[in-house]
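The structure under discussion appears below in the form of structure tokens.
Only the coordinates and a few stated rules stand behind these numbers; no lab work does. The structure displayed is predicted, hence computed values, not measured ones. Positions of Cβ are generated from backbone atoms using ideal geometry, with glycine treated the same way; all protein chains shown enter the neighbour counts.
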Amino acid sequence: MLKSGVVMSSVRWKIESESEVDSTNALVLERARLCAPEGLVISALSQTNGRGRLGRTWHSPPESGLYFSILLRPPVEVEQTALMSLIAGVAAAEGLADLTGVSVGLKWPNDLRIGGKKTGGILCEYEKSGGPPPAVVVGVGINLETPPGEFPEEFRARTTSLEEAGAAIEADEALGAILERLDYWYREFLANGFEPVMRRWEALCDNLGGKITLSTANDAIEGKMVGIDMTGRLLLEPPGGDIRAFDSGEVLEA
């Protein structure tokens, strides 16, 4: 089980550990409504109803991954709170790479990847009550080991773990490394805005310049992934067309 306690940093992380929960995001959202301060971290060895993007479930088998949620209360405009997902992505990719030596890439908007396969994801949820300032709950799920029976069939070909990449690490080590980098990038964002984060995110993006298809609610648009803008939107350059910005959709690759 992950260690509980308080880690001293610019953000005062208060870590609480659980064996099995429904969803760490749900627990932190509940605490946010009760006016919990910034820095609360709830981690679990497994989730029975882990949340993923677009209403999906995050596969959270016991003792195979790191599953945790963080409460932040950034003193920024509401529209900027959506940037927390990208900031957390940079922090997680750097933290895992620093700890393991394995190159961890980013795919818009919230995937952590090794060798083009997904090894982690980030889900941010927002809570206006229990403030001010409003709460941002940053949920992170990372595949540390390949679970018994491997991944669900529909994900197997495009999912991996740090263990498969040759990096065997403990959950508490990974959590500490990610929180250290999140502390840095969160302070950098509050002090200097999103541009430094944006540049670092683009440097870590593993399909920058590649051909993609962006699947949206109404269309599928092909083009070249050219980066993100200052609001975190994906920048896509269709063949022979002008660069377009998108704030939602799913990136598909050939």
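Based on the Cα gyration tensor of the chain, what are the three equivalent ellipsoid semi-axes, each the root of five times an eigenvalue, rounded to whole Å and given largest first?
27, 23, 17
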Would you be so kind as to identify all helices of the chain, as entire DSSP H runs, whose Cα atoms reach 20 Å or more along the helix's own axis and whose mean Kyte-Doolittle hydropathy is at least -1.0? 84-100, 171-192
Could you give the dipole magnitude of region 5-204 about its Cα centre, charging the beta-carbon of Lys and Arg +1 and that of Asp and Glu -1, in debye to the nearest 20? 560
Quick check on my link table: of 117/224; 128/224; 128/211, which ones sit more than 28 Å apart, alpha carbon to alpha carbon? 128/224; 128/211
Given a cut-off of under 8 Å on Cα pairs at least six residues apart, what relative contact order in percent is computed for the chain? 16
Identify all aspartates and glutamates with a Cα-Cα distance to residue 14 below 17 Å; exclude those on the same chain that are fewer than 8 residues away in sequence. 30, 38, 172, 173, 180, 183
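Using only C-alpha positions, report the orientation-averaged shadow area of the convex hull of region 118-230, nm², one decimal.
Values: hull surface 41.9 nm².
Approximately 10.5 nm², given one-decimal rounding.
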Kirkwood hydrodynamic radius for region 211-253: how many Å is it when counted over pairs of different Cα atoms? 10.2
